[in-house]
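These notes concern the structure reproduced below.
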Amino acid sequence: MAYVDHAFSISDEDMMIETSYTVNNRPPVKEIALAVALLVFGALGIVSGFFMAYNRVGGDRGHGIFFIVLGCLLFIPGFYYTRIAYYAYKGYQGFSFSNIPPV
């Protein structure tokens, strides 16, 4: 009888083992909450910055301009990722929740 090395053989049992690949297309709640928070705080920063610059809160317009710049830095990524989440939720082609990076 010949020696058979079973370590490298493929048997029916090996073919029966199923690897389950599940597609997880659930919305990433933490990432979407962060995007919405960036959007809201950015919009509030822009609006309050314009108010502060117009009324010269703090003695000059510098404080208002600072809040406008800070609001823009928060608003831009918040709007971008909120838009991706909205389009993925609505099912637009080319958008999915996997386009939102994990936190």
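Here are a few things to note about the model shown:
- Among all residues of the stretch 74-96, there is at least one that is surrounded by 13 or more Cβ atoms within 10 Å (Cβ to Cβ), aromatic (F, W, Y) and not in a helix (DSSP H, G or I).
- Those residues of the stretch 54-103 which are among the charged types (D, E, K, R) and over 19 Å from A33 (Cβ atoms), in sequence order: R56, D60, R61
- Selection of first residues in the stretch 50-69 that are surrounded by 12 or more Cβ atoms within 10 Å (Cβ to Cβ) and of second residues that are outside any helix (DSSP H, G or I) and of a type in the set (F, W, Y), restricted to Cβ pairs under 6 Å at least 6 apart or on distinct chains, gives an empty result.
Bear in mind that the values in this text are calculations on the coordinates, not laboratory data. None of these values were measured; they are calculated from a predicted model. FYI the Cβ positions are ideal-geometry reconstructions off the backbone, even for glycines, and counts take in every protein chain you see.
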